[in-house]
Structures are given as structure tokens and as C-alpha cells.
Amino acid sequence: MVNQTIAPTPEKIMQTGTGFWASKILLTAVNAELFTLLSEQVSLSGKAIKATLKFNCTDRHLFDFLDALTSLGFLHRTGLLEHAEYSNSLDTDTFLDKKKPSYIGGMLEMMNNRLYGFWGNLDEALRTGEAQNEVKEGGKPVFEMLYSNPLLLKEFVNAMTSIQIGNFMAIAQQFDFTKYNTFLDAGGSAGMLSIMVAKHNLHMTCSTLDLPPVEPIANEAIQKFELTDRVQAISGDFFAGALPKADVVAMGNVLHDWNEENKIKLIQKAYDALPDGGAFIAIEAVIDNDRRQNAFGMMMSLNMLIETADGFDYTFDDFNRWTKQIGFKSATLMPLTGPASAAIAYK
Ligand SMILES: C[S@@+](CC[C@H](N)C(=O)[O-])C[C@H]1O[C@@H](n2cnc3c(N)ncnc32)[C@H](O)[C@@H]1O
């Protein structure tokens, strides 16, 4: 029954339906390094921006692009059109200036260069159940395909760090590591979770395990943070053989890459690597049990359809069921940043 007291409005429908316009405007600005350019200046005119970015559109369309970014809240502007001066908003200056360590544009760069196009085939993905990324052409498994191209490897690793760094900083400070000494991050990419755990917990020794092409990138990050004495990068395949023993085993955005059978295999490997009382931590956009709130988690799950075909994001109830079935004694959920949480199971 339609509620007669609430008038229908097309606003939300049109806002979401045209959402890709706003998305592509932001992604294009990130890709063109507009926010990095503006962070170097007090402000710039449209003419100066157009010349530096080598845009060849009409001045009117250049102003449409910059003023759309302004009305979306990503730029500040004084004056109008030819007399306008543009500068970064506080958010874009902090998070989208490539020269700052707080830059989180890695995920947005990958969204622009890979996912934006692949998501154009969401309908095909839903109809066929097939992945819609480079796997479609190459036929290789997704990580093999991504890591065979150094540019894609770097872009993917940077994207992973940028989407998770806030969560890694949060878990490193919120989780009680005092009763533990060793930490393993399985599928740890650039090693940033291990680095954050070691940085905030001086008694912890950490290992970050990933496929061989990732190891040099992790080693570079560990050296940059001067943590070579307590953080080690290990190359390995987490499906082959046992995981190295540790008091705490983490997997960030790893379980969601795989189907249920493989998820359970990986949780079992974490269980086997832990001592009694040890903790397994999954850091993901864990979906609320009623599947009504965490839209990002459900969209991330569809992103797994696009990227992996059978991977999916899950609820805490799912996590609880899988971990109990394997033998973990209890599980809790710790909210981290935005839509992400840590699902934690204790052996
Ligand atoms: C979605 S990324 C997540 C990276 C990171 N944990 C995070 O939270 O951002 C999944 C990671 O699992 C790694 N991975 C995939 N298959 C693997 C395997 N068989 N053995 C070890 N690592 C693997 C990938 O290389 C990638 O770094």
C-alpha cells in the first residue's frame, strides 16, 4: 500500500540514475591530477587549469566541469567564469593531492581506469554470472592477469591500500593486542596492515603474506616506515599448504574475493595457524545482518561479481556461522571507518 501522507518525489531516483555523471566528473579530475595541481597554488583561473591539463574542450564546457566540481563540494570558487579562481576544498586538498601521504586516490584511479568501464556490463554480469574485467579477454585467473602487467599490479596494490588504510589505522589502535605477540596478514598486499599494527603496538612482530609479485612493493613500504626489524614480507600461496603460525591472523578484503567453499578453506587455515585464545580478524565492508543499511557492502559484493564472478561480501551472521562451524569459540564485530568493520573470531 502506498502511504497517502507522503508525496512521491523523483529526486532520489534521478540522483542515483545520473550518479555516474558525478562519479565520472570526480574520477576524471583525480585522473587529471587537478587536485594535486591546485594544492600547489593559492588558486587558479579556468584558463590556467585548461592550459595545464591540456584540455581542448570549449571554455564553456571547462567551466561546466569546474563548476560541477564546485557545486558537488570538491572545489572552492571566487568570481565567475572568466573571472573565476578555483581552489581545493579541505577534503580534496587533504585526500586527493597525490603529493601528500594522506592521498586516497589510488582506489579512484583504479575505478576510473578499470572498474568504470567494467561496471558498464553489470547487466551482462547479472545475466551470465561471469566476471566482466580483463579476465573476459585473457582467460587467466584475476590475480595472475593483474600481476602479469606491472602497471596494473601497482595500480591494484595502491587501490587496496587507499581503500583500507583508515581501517588499518583504526584496528591497529582499537584491537587489544596486549595479550598477543605475533601477527600474520594473509593476502596483505603492500603490508600496510602489518605496518600499522607494528607502528601502534611496539611489542608486536608482524608478517605480511602475499603472492610473489607483491613482495618487492611490501618490502619498499616496510623500509619506508623503518620497520624491517618487526615486519617481514613473505611470498606464498595461501591456498597451498599451511599458513605460518601467529597469535593473530588477519585477512583484509580477502574472504570476499572467493566463493563460500574457498572462504571456509581460508578460515580453516587461519584457525589451524592460531593458538588457543588466538584471534582471526576479517576486515571488510561487512553487510548488516538485515541487508538494509550497508549499501556499500552490497555494491562491493557486486564488484566481486564483476572482478571474480563467484566472490561475494557477507554479513556478520555469515561470518559467525562459518567460524563456529570450524571451531572458533566466539565472534564479535568491531566497526571501523565508514562502511567497514572487523569481524573477529576467537579460537
Ligand atoms: C582484495 S586484495 C586485499 C588486499 C589487502 N589485504 C587489503 O585489505 O587491502 C586480496 C589480496 O589477496 C592476495 N591473494 C590472492 N590470491 C592469493 C593467494 N593464492 N595467496 C596469497 N595471496 C593471495 C592478492 O594478491 C591481494 O593482495
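Of all residues in the stretch 60-87, those satisfying the criterion of being more than 16 Å from A29 (Cα to Cα) and part of a helix (DSSP H, G or I) are R60, L81, E82, H83.
State whether the residues of the stretch 99-107 include one that is within 30 Å of N303 (Cβ to Cβ), in contact (Cβ under 8 Å) with a residue 24 or more places away in the chain and exposed (fewer than 15 other Cβ atoms within 10 Å of the Cβ). Checked against the condition, which is being within 30 Å of N303 (Cβ to Cβ), in contact (Cβ under 8 Å) with a residue 24 or more places away in the chain and exposed (fewer than 15 other Cβ atoms within 10 Å of the Cβ), the stretch 99-107 yields at least one hit.
For the stretch 143-160, a tally of residues being away from the ligand (no atom under 12 Å from the Cβ) and in contact (Cβ under 8 Å) with a residue 40 or more places away in the chain returns 2. Exactly one residue out of T70, T52, T92, T36 is touching a residue at least 24 places away in the same chain (Cβ under 8 Å), more than 30 Å from S301 (Cα to Cα) and of a type in the set (S, T, Y), and it is T36.
Checking each residue in the stretch 194-224 for being in a helix (DSSP H, G or I), within 14 Å of the ligand (Cβ to nearest atom) and not β-branched (V, I, T) picks out S194, M196, P212, P213, E215, P216, A218, A221.
Of the residues making up the stretch 102-160, those that are outside any helix (DSSP H, G or I) and either under 12 Å from the mean Cα position of the chain (by Cα) or closer than 18 Å to K24 by Cβ (or both) are I104, G120, N121, Q132.
Out of D272, D290, one residue alone is part of a helix (DSSP H, G or I) and either within 17 Å of T161 (Cα to Cα) or more than 14 Å from the ligand (Cβ to nearest atom) (or both). It is D272. Quick check on my filter: what residues within the stretch 317-347 are assigned to a helix (DSSP H, G or I) and closer than 30 Å to V135 by Cα? The answer is D318, F319, W322. Being surrounded by fewer than 19 Cβ atoms within 10 Å (Cβ to Cβ), under 20 Å from A22 (Cα atoms) and either assigned by TED's automatic domain parsing to the domain that holds M192 or out of contact with any Asp or Glu (no Cβ under 6 Å at 6 or more places or on another chain) (or both) is a property that does not hold for N56.
Only residues that are near the ligand (Cβ under 8 Å from one of its atoms) and not in a helix (DSSP H, G or I) were counted in the stretch 161-178, giving 0. Surrounded by fewer than 22 Cβ atoms within 10 Å (Cβ to Cβ) and within 13 Å of the ligand (Cβ to nearest atom): is that true of G191 in this structure? No, not satisfied.
The values are calculated or read from the model by the stated rules, or taken from the named source; none is laboratory data. As the structure is a computational prediction, the values presented were derived from the model and not from experiment. Positions of Cβ are generated from backbone atoms using ideal geometry, with glycine treated the same way; all protein chains shown enter the neighbour counts.
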